[in-house]
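The values are calculated or read from the model by the stated rules, or taken from the named source; none is laboratory data. Keep in mind that this is a model prediction, so the values were computed, not measured. Glycine also receives a Cβ, built like all others from the backbone with ideal geometry; neighbour counts cover every protein chain displayed.
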Amino acid sequence: MTTQSIDLDGDTSFSTFGRNFSWSGQRIDRVSIGFDTATENNTLNVALTGDEWVVRTMNFYNDVPSYTFDVNITDTNDGVMRRIDTLFLSDYGQSNVTLFNTRVKFIQGNSDAVVTLGSQFLAAIDLFNGTHTVNTGSGDIGLLKLGNGTNTVNAGSGFIIATDFGTGFNTFNGAGSNIGTLRARGTNDFTLSDADAVSLGSRTSTVNIDNGSVGSLTSYGGTNTINIGSMAAVRSIGFSDGVDILDVFGRVEQASLGGNDDLVIVRVGGDIDQLNVGGGNNTIQWNSDQYGSVISYSGNDRLTVNFGGAIEQAYLGGGNNIVNIVNGQINVLKTNEGSDTITIIDGRTDIINMGGGTNIATLGHQFVQFVSGYEGNDTVNVGAGGAGTVKLNSGDNTVTTTTGFVDTVMTSGGVDRITIGAGRAKTIESGGGNDMLDLINGRADFIASGDGNDTVTLGQFGARFVDLGEGDDVLSLSRFTPNWGVVAQGDSGTDTLDLTRFNSATTISLDTSAFQNVGAEAGAQDLPAFGYVSVIQFENVLTGNFNDRVDGSNGSNVIDTGGGNDLIYAGSGDDLLYGGDQFDTIFGGEGNDTVDGGNGRDLVYLDQGNDLYVDNTQGGEVGSDTVFAGIGDDTIQGDNGDDVFLGESGNDLIYAGLGDDLVYGGNQSDTIFGGEGNDTVDGGNGRDLVYLNQGNDLYVDNTQGGVLGRDTVFAGNGDDTIQGDNGDDVFHGESGNDLIYADLGDDLAYGGNQFDTIFGGAGNDTVDGGNGRDTVFLGDGNDVYVDTAQGGAFGQDTITGGAGADQFEFGAVISSDVITDFQLGIDELHLTQSLWGGGLTQAQVVSTYASVISAGVLLDFGDDQSILLQGLTSTAGLQDDILLG
């Protein structure tokens with residue numbers, strides 16, 4: 001190891017590398033410095049002394065390139081006007097250069113070097129391979145270029161016009177520096193002050209700007225961390241792709257970040273006039289109160305404003321963005337497509353514009369002037385601070401307010417839900433769609449629900465005016481604060497007034513637009529008010545479980561009074577009426593009405609029109625309804641309970657159903673089904689058709705005769721009683737031990753099965769006892785009795801013909817029948833051939849089968865088939881009263 005020292009003083013000759021160098025007028029054009037004898041690990045010390053000398057070119061050379069040597073160049077005193085134009089450093093080891101007083105125009109090196117500069121100007125320094133440290137002083141530098149190694153620059157106060165770092169590991173310590181342009185392509189750790197332009201490459205960089213001013217800071221990819229100190233200012237920052245962190249205490253005029261997941265922090269006291277973040281999932285923490293602007297593009301971004309931060313305008317592009325205003329302000333906030341979440345806790349926003357997507361905006365304690373949503377299913381929650389206008393376009397939107405006042409809420413197409421809290425609203429317009437407006441805890445001055453089937457629910461404070469618009473809408477009311485109320489306009493569609501939430505009886509009429517004291521008993525205007533209501537163009541009413549009264553309009557109404565002893569006046573129109581539980585009184589009025597009395601002992605007047613009454617399954621005393629069908633062809637569908645049904649005028653259809661019912665058909669031609677139970681049926685005037693059905697029923701005819709008095713009755717199962725009257729009636733006893741009074745008119749009576757008793761009454765009646773042991777009284781008139789059905793003990797019929805020329809017809813199968821009052825020469829016997837065998841005359845039939853017994857004349861045809869003519873003592877003349885068939 002050899003150490004060699006050389007002094008350069010401008011006067012003294014020196015020897016190096018086997019050569020002698022002398023000064024010529026304190027000048028040497030070129031000097032090559034090296035070792036006279038090459039060995040390993042040598043050190044060469046060069047001292048710069050003296051004054052006013054010039055070396056045009058200095059370089060270092062080694063005879064054996066594989067041997068290394070280090071070079072130490074040092075200014076040794078305060079001499080002046082020393083100059084080296086070009087300094088080529090050693091390529092064979094480390095160069096340590098200290099130039100406080102000697103001026104060097106150009107330094108170049110290709111190995112490790114430490115260069116310390118002073119106050120002199122340096123045109124350029126170019127250090128490529130190796131590890132380099134450059135300590136600049138107060139002198140200016142034209143170009144500082146460091147290669148692809150590990151580079152460190154400790155910058156002084158001098159101005160560096162251009163700095164160029166290679167692709168290695170670069171450190172720039174320049175807290176008090178002043179540079180023109182800085183370009184770095186490697187992995188960088190920079191501390192800067194003043195700079196015109198800084199350009200970073202595609203690797204990882206950290207830039208700290210504690211104070212001073214930077215014109216532009218750019219990066220072309222890479223992962224960058226930029227810290228802007230409180231005393232620093234940057235005119236523009238532009239980053240392309242890469243994951244960047246920007247932390248701002250100072251001021252930035254404009255910053256644009258590329259398309260990756262970036263983090264931007266704007267501290268209290270910091271400022272970014274305009275921040276653009278590109279694609280990627282970016283996080284922005286804004287605590288500055290200097291009203292900058294934020295623009296983002298695609299990506300799921302998170303923007304948080306806190307500590308009194310203020311943003312003039314924030315525009316968030318496509319993506320699912322999150323905005324939290326914890327404590328601060330965004331004057332204008334706009335989002336594009338995507339599902340965004342906006343939460344204002346203790347901050348303020350003047351304008352919020354939400355783009356397409358499913359967005360949620362929660363407003364806080366301060367007033368928001370305007371909130372809008374474009375397309376999508378948006379949710380807006382208005383806090384205590386309230387809002388000016390909330391306007392949401394197409395989509396299924398939700399607006400909820402609490403204690404804050406809202407001037408206007410507007411929604412467009414879609415199924416919207418609007419809930420107004422205690423803070424109230426001035427105007428609500430819900431637009432098209434089947435919307436739900438809930439004002440149970442709030443109030444609005446004006447409500448327009450628009451098209452669609454809407455539901456508007458008002459609370460104790462009501463509303464000044466409600467326009468339900470087109471569609472089948474529902475307006476739900478409860479008891480109002482005294483002297484509050486609502487004017488409600490139904491418009492087109494079928495609209496319903498829902499009073500079920502009242503906790504007292506209600507009285508309402510759909511036939512007037514005047515104010516009504518709906519909460520007072522019977523609607524008395526002089527009683528304490530629980531809500532004044534004016535309704536216009538409403539069709540339907542629902543009431544609760546109290547004793548309500550409802551008057552319908554001239555249109556078609558649906559009225560459901562729920563529980564309570566209610567009173568309904570339906571008015572004209574085709575109405576649908578539900579009485580509900582308890583004892584209701586219902587007037588159907590004009591029109592084709594449908595009435596369901598519900599549970600309870602109801603009194604129903606169907607009035608005019610072709611009406612339908614529907615009973616329910618409730619039985620017992622409380623299920624006994626009374627229905628007056630009124631004028632028209634009505635249908636009464638009874639069910640359980642001992643009901644009273646009066647068809648009154650019209651061709652009515654009555655199904656009595658279960659229970660012991662009382663049915664009056666009334667005028668005209670009615671059809672009545674008694675159903676189960678022991679019913680009483682009075683068909684009334686008109687040609688009625690009656691089916692008594694099951695039970696021991698009673699049918700009562702009236703005095704109407706002629707064509708219109710011809711009734712037909714089917715008694716059905718049970719021991720029934722048919723009380724005929726005038727008219728040519730048809731009575732069918734059917735099953736059971738029936739009692740039939742045919743009475744006036746030419747009647748047709750069929751006893752049916754079992755043991756019947758039949759009275760023909762006046763008129764020319766036809767009676768067929770049917771199966772069973774029947775007792776028949778034909779009564780006055782020329783009657784016909786027919787027996788063809790049953791033999792044996794259960795077919796033994798007893799017939800009393802009564803006055804008139806009666807016909808007794810016996811078919812193929814008879815039993816031991818008895819005619820109690822056969823009149824010779826007046827009455828006739830009709831005998832079928834199956835009884836007497838055929839081939840005989842009347843006289844031969846008499847002589848063959850007739851005999852006189854103690855009870856009368858007996859015609860015995862064998863096989864227990866006989867006819868006893870009680871009271872006759874002789875067969876003489878009998879053959880003249882027999883017709884053979």
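One line per residue, one yes/no per condition, for (1) without any contact (Cβ under 8 Å) to a residue 40 or more places away in the chain; (2) touching a strand residue (DSSP E or B) at 6+ places or on another chain (Cβ under 6 Å); (3) among the acidic types (Asp, Glu):
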position: Gly772; (1), (2), (3): yes, no, no
position: Thr775; (1), (2), (3): yes, yes, no
position: Val784; (1), (2), (3): yes, yes, no
position: Ser834; (1), (2), (3): yes, no, no
position: Gly856; (1), (2), (3): yes, yes, no
position: Gly871; (1), (2), (3): no, yes, no
position: Gly877; (1), (2), (3): no, no, no
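Region 164-217 holds strands (runs of 3 or more DSSP E) entirely within its bounds, and those carrying 2 or more residues that are over 23 Å from Met231 (Cβ atoms) and either touching a residue at least 24 places away in the same chain (Cβ under 8 Å) or out of contact with any Phe, Trp or Tyr (no Cβ under 9 Å at 6 or more places or on another chain) (or both) map to 169-173.
Residues considered: Thr181, Thr223. Of these, the only one that is more than 24 Å from Asn336 (Cβ to Cβ) and either modelled with pLDDT under 90 or touching a Pro at 6+ places or on another chain (Cβ under 6 Å) (or both) is Thr223. Of all residues in region 583-617, those satisfying the criterion of being out of contact with any strand residue (DSSP E or B) (no Cβ under 9 Å at 6 or more places or on another chain) and crowded, with 21+ Cβ neighbours inside 10 Å are Gly591, Gly600, Gly609.
Residues in region 344-357 that are buried (at least 18 other Cβ atoms within 10 Å of the Cβ) and not charged (D, E, K, R) were compared, and the one that is farthest from Asp396 (Cα to Cα) is Gly347. Sort out which residues of region 782-838 are of a type in the set (Ser, Thr, Tyr) and either under 26 Å from Ser874 (Cβ atoms) or in contact with a helix residue (DSSP H, G or I) (Cβ under 6 Å, 6 or more places away or on another chain) (or both), and write them in order of number. Passing the criteria: Tyr785, Thr798, Thr800, Ser815, Ser816, Thr820, Thr832. Restricting attention to region 618-661 and to residues that are of a type in the set (A, V, I, L, M, F, W, C) and surrounded by fewer than 24 Cβ atoms within 10 Å (Cβ to Cβ), the residue that is modelled with the lowest pLDDT turns out to be Val622. Only one of the listed residues (Asp75, Asp29, Asp91, Asp51) is touching a Lys or Arg at 6+ places or on another chain (Cβ under 6 Å) and in contact (Cβ under 8 Å) with a residue 24 or more places away in the chain. That residue is Asp29. The condition of being surrounded by fewer than 22 Cβ atoms within 10 Å (Cβ to Cβ), under 29 Å from Gln823 (Cβ atoms) and more than 60 Å from the chain's Cα centre (by Cα) holds for only one of Asp728, Asp738, Asp756, that being Asp728.
All told, Ile125 falls short of being in a strand (DSSP E or B), among the β-branched types (Val, Ile, Thr) and touching a Gly at 6+ places or on another chain (Cβ under 6 Å). The single condition among (1) touching a residue at least 24 places away in the same chain (Cβ under 8 Å); (2) crowded, with 17+ Cβ neighbours inside 10 Å; (3) of a type outside the set (Val, Ile, Thr); (4) within 19 Å of Asp860 (Cβ to Cβ) that Gly804 does not satisfy is (4). All conditions in (1) touching a strand residue (DSSP E or B) at 6+ places or on another chain (Cβ under 9 Å); (2) on the phi > 0 side of the Ramachandran plot hold for Asp711, with the sole exception of (2). For region 189-212, a tally of residues being under 18 Å from Asp140 (Cα atoms) and surrounded by fewer than 18 Cβ atoms within 10 Å (Cβ to Cβ) returns 2. When you scan region 313-324, do you find a residue that is assigned to a loop (DSSP other than H, G, I, E, B), out of contact with any strand residue (DSSP E or B) (no Cβ under 6 Å at 6 or more places or on another chain), surrounded by fewer than 22 Cβ atoms within 10 Å (Cβ to Cβ) and touching a residue at least 12 places away in the same chain (Cβ under 8 Å), even just one? Yes - at least one qualifying residue is present in region 313-324. Among the residues making up region 8-51, those that are surrounded by fewer than 14 Cβ atoms within 10 Å (Cβ to Cβ) and outside any loop (DSSP other than H, G, I, E, B) are Ser15, Arg19, Asn20, Arg27, Asp29, Arg30.
Listed here are the residues, each with its yes/no results for (1) in a loop (DSSP other than H, G, I, E, B); (2) touching a strand residue (DSSP E or B) at 6+ places or on another chain (Cβ under 7 Å).
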| residue | (1), (2) |
| --- | --- |
| Gly338 | yes, no |
| Asn353 | no, yes |
| Thr358 | yes, no |
| Gln366 | yes, yes |
| Val380 | no, yes |
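Scanning region 550-578 for residues that are within 15 Å of Ile536 (Cα to Cα) and either free of Cβ contacts under 8 Å to residues at least 12 places away in the same chain or in a loop (DSSP other than H, G, I, E, B) (or both) yields Gly552, Ser553, Asn554, Gly555, Ser556, Asn557.
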